[in-house]
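One structure is given here, and the rest of the page talks about it.
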Ligand code: NAD
Ligand code: DAU
């Protein structure tokens, strides 16, 4: 099978490339990535020598580039990870999120319509469901929960989901969608909560917790997410949405304290800062459908996954030190100085 992985030089896409090369040695994997600030060829360094792997630089919102990719590579499966993915950046400047996440997805779908495809899989997010209140731990997102977005990022992802469903119904594009909770693990870009806190703690910098730190996220080790998508593209039913999550809810403050404990650092590093605008309170996925229909269940508990993740950042300083010494410095200063 020839699989195009868009956004494969990013966090989850990169892990997915490795997952497929390891678990399906007969598949051919083509990573198609624009290499934005979040894309990093060093993430794919260990795949470059694999004869079943190829990297193509390109933008999903560039029609000519996308059509050329389809003409030359004749993919059977597209897994669309490519996106602007950071909520805080979408609050600062929404436009690029609309171009990449909505227009880019529509161009990929047009290419599927023009050239044909066995499966188009859209990697979506639980953020399309909005948030749940903190005082109702009995509530979870199911696949039938209404879309109700809070940030320009989540609005752009929900728009893309609606386009995928429209193309599936109107043009019979064989599409599936997955909506996953927060991922963590190797190659996570340092702007996101877990890597940011690990790196700041290692560098003796303050750990900026938004608001009171009581917001809840439902954490999933990235390899479990990759396994779920792999199952969906091979066994999932066309036209279906699958929620992915492992019931690992933690408040942000619990996550930050766990990281400090693993690193043997004091809680005095924690600094409460101005809250994110429109900050979603709680995400919590009900994964019953994918579990009962496809037999997927997560294998990594949060307490083990966070240990492995901290260990990865300790062992791969070169990967993140290069990132935080570049344009990331300006980003950090803009978002956090005087916050
Ligand atoms: P990321 O920001 O780490 O990586 C995004 C990748 O997409 C980068 O390699 C970037 O270069 C590439 N890209 C961006 N714009 C592009 C364009 N126009 N054309 C081609 N490539 C482009 O993101 P991530 O955290 O790995 O998320 C991947 C996907 O999973 C996204 O669609 C995101 O919405 C979704 N998702 C993420 C999480 C999470 O916790 N990180 C959870 C659920 C769903
Ligand atoms: O739920 C899936 C989503 O998870 C994905 O769709 C997004 O692409 C991904 O970025 C992530 O979104 P979040 O906004 O939940 O992740 P982030 O790491 O940005 O923030 C997690 C929580 O931590 C959130 O409540 C905000 C808080 N936070 C974040 C940062 C960066 C802080 O308190 N301080 C910080 O410095």
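The values are calculated or read from the model by the stated rules, or taken from the named source; none is laboratory data. Remember, predicted model here, so these are calculated numbers, not experimental data. Reconstructed Cβ throughout: ideal geometry from the backbone, glycine too, with neighbour counts over all protein chains shown.
Observations on the structure shown:
- Test: residue in region 258-268 that is at pLDDT 95 or above and near ligand 2 (Cβ under 10 Å from one of its atoms): no
- Scanning region 1-42 for residues that are in a loop (DSSP other than H, G, I, E, B) and more than 15 Å from ligand 1 (Cβ to nearest atom), we see that the one that is surrounded by the fewest Cβ atoms within 10 Å (Cβ to Cβ) is 26.
- Residue match in region 108-130 (condition: over 18 Å from the mean Cα position of the chain (by Cα), surrounded by fewer than 20 Cβ atoms within 10 Å (Cβ to Cβ) and within 16 Å of ligand 1 (Cβ to nearest atom)): yes
- Residue count, region 262-309 (criterion: away from ligand 1 (no atom under 16 Å from the Cβ), in a helix (DSSP H, G or I) and surrounded by 12 or more Cβ atoms within 10 Å (Cβ to Cβ)): 10
- The residue list 256, 209 contains one member that is over 18 Å from residue 8 (Cα atoms), in contact with a helix residue (DSSP H, G or I) (Cβ under 7 Å, 6 or more places away or on another chain), more than 12 Å from ligand 1 (Cβ to nearest atom) and part of a helix (DSSP H, G or I), which is 256.
- Search result, residues across region 43-54 that are in contact with a strand residue (DSSP E or B) (Cβ under 7 Å, 6 or more places away or on another chain) and assigned to a helix (DSSP H, G or I): 44, 47
- Subset tally (residues that are farther than 30 Å from residue 322 by Cα and either within 13 Å of ligand 1 (Cβ to nearest atom) or not in a helix (DSSP H, G or I) (or both)) for region 157-190: 13
- Qualifying residue in region 70-81 (condition: assigned to a loop (DSSP other than H, G, I, E, B), surrounded by fewer than 19 Cβ atoms within 10 Å (Cβ to Cβ) and more than 8 Å from ligand 1 (Cβ to nearest atom)): yes
- Region 231-256: number of residues that are buried (at least 17 other Cβ atoms within 10 Å of the Cβ), more than 11 Å from ligand 2 (Cβ to nearest atom) and farther than 19 Å from residue 142 by Cβ: 1
- Some residue of region 196-204 being at pLDDT 95 or above, more than 19 Å from the chain's Cα centre (by Cα), more than 15 Å from ligand 1 (Cβ to nearest atom) and farther than 28 Å from residue 331 by Cα: no
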